[in-house]
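Below is one structure, written out as structure tokens; comments come after it.
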Amino acid sequence: MTIKVELTRRAALLGAGGAIAGASLVGATGANAAAEKKGALSAPVARYSVGEFEVNTLLDGAVNVKEPQKTFGMNVDADTFASISTDNFIPSDAFRAYFTPTVVNTGNELVLFDTGVGEGGRPARGNMRAALQSAGYSPEQVDVVVITHMHPDHIGGLMEGGTPAFSNARYVTGQKEYDFWAAMDPEANGVTKLMARNVKPLAEKMTFLGDGDSPASGITAIAAPGHTPGHMVYMLENGGHQLVLAADTANHYVWSLAHPEWEVRFDMDKEAAADTRKSLLGMLASEKVPFVGYHMPFPSVGYVANAGSGYRYVPASYQLHL
């Protein structure tokens, strides 16, 4: 049976008028006046499981940046960059950058990877301490601080008010990374200035690693050069489960994965960085290992899938909660 419904123009207008009148009446009471908009709200911490390890990604902050092709895809034409962006539902004239330290509770030690922008950060960054506290920890509880590389958004939070922010921690970083920056004039650039202020005073408490070394049980360092000379990533393994802390190997979930050969402004050795991206992303895709990307959209945890000659980012959903 087919039921035919006819709506006359008069009935439609009367219905619309009734709706408008009702809406006007409700608004006139003042009880439902529009509340003040509060702006974007992000949770400062997300927690996942890797075997018996608890992994917490901490939102140090996020900023909107204009003219993304000054940072990503520097070696391709504007039309190609725009086309890839459009195909992935993102604008080609702006992007959002996230800053995401990670703290891992191994059951024996609390291990923090990178420290965010710190007290010298601009607005919307430098909130790692608050995020750590939201995860239920205090800076004094951190046993180990691991620095993946020496860029300011990774070492900025090491000191607060001229004293160590993690007063009870030991410190770990790559030998090659430390030696490269330490050999330079402290006044050479912003990195060396911040390193002289935040890293060198802690050198006596530091352990220096090479490829394959371990900063803590169940965690292995993997050399990943290119972004900086001694840039390192870390493999977490526990109970038959794995997760890679990929640091700054791939800094955008589309532009760095779809085309790992695209040049990135902050990669010091662009060819080496591209080779490292291809190697690490290929491993993550083939072995289906999840990863945390320091600048990925928060909560910054996901997977890598093969997509043509490149890759695509698959955000984690509930896999690491089971």
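The values are calculated or read from the model by the stated rules, or taken from the named source; none is laboratory data. Predicted, not measured: the structure shown is a model, and the values here were computed from it. Cβ atoms come from the backbone with ideal geometry, glycine included; neighbour counts cover every protein chain shown.
List of remarks:
- Residue match in the range 202-209 (condition: surrounded by 16 or more Cβ atoms within 10 Å (Cβ to Cβ), part of a strand (DSSP E or B), among the aliphatic types (A, V, I, L, M) and modelled with pLDDT of 95 or more): yes
- Taking the range 134-158 as the range and being hydroxyl-bearing (S, T, Y), part of a loop (DSSP other than H, G, I, E, B) and surrounded by fewer than 24 Cβ atoms within 10 Å (Cβ to Cβ) as the test, the residues that pass are Y137, S138.
- Any pair with Cβ under 7 angstrom, 6 or more apart, that starts in the range 140-159 at a residue that is β-branched (V, I, T) and ends at one that is part of a helix (DSSP H, G or I): I147/H154; I147/I155; T148/H154; I155/L194; I155/M195; I155/N198
- Meets criteria (surrounded by fewer than 19 Cβ atoms within 10 Å (Cβ to Cβ), at pLDDT below 95, under 27 Å from P299 (Cβ atoms) and over 17 Å from the mean Cα position of the chain (by Cα)) for K38: yes
- Criterion: surrounded by fewer than 18 Cβ atoms within 10 Å (Cβ to Cβ) and either within 18 Å of the chain's Cα centre (by Cα) or among the small types (G, A, S) (or both) - qualifying residue of G302, G239, G293, G230: G239
- Enumeration of residues in the range 169-217 that are touching a residue at least 24 places away in the same chain (Cβ under 8 Å) and among the basic types (K, R): R170, K176, R197, K205
- Scanning the range 88-131 for residues that are of a type outside the set (V, I, T), farther than 27 Å from A258 by Cα and touching a strand residue (DSSP E or B) at 6+ places or on another chain (Cβ under 6 Å) returns N105, E109, L112, E119, A124, R125, N127, M128, A131.
- Condition check for F81: in a helix (DSSP H, G or I) and buried (at least 19 other Cβ atoms within 10 Å of the Cβ): yes
- Between Y234, Y318, Y294, the distinction of being farther than 20 Å from I155 by Cβ and not polar (S, T, N, Q) belongs to Y318 only.
- Only a single item in (1) of a type in the set (S, T, N, Q); (2) free of Cβ contacts under 8 Å to residues at least 60 places away in the same chain; (3) assigned to a loop (DSSP other than H, G, I, E, B) is not met by S256, and it is number (2).
A quick yes/no check of all residues on (1) within 25 Å of V103 (Cα to Cα); (2) touching a helix residue (DSSP H, G or I) at 6+ places or on another chain (Cβ under 9 Å); (3) of a type in the set (K, R):
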position	(1), (2), (3)
F180	no, no, no
D185	no, yes, no
P225	yes, yes, no
A247	yes, yes, no
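- Sole exception among (1) without any contact (Cβ under 8 Å) to a residue 12 or more places away in the chain; (2) under 29 Å from E52 (Cα atoms); (3) in contact with a helix residue (DSSP H, G or I) (Cβ under 7 Å, 6 or more places away or on another chain) for Q133, by number: (3)
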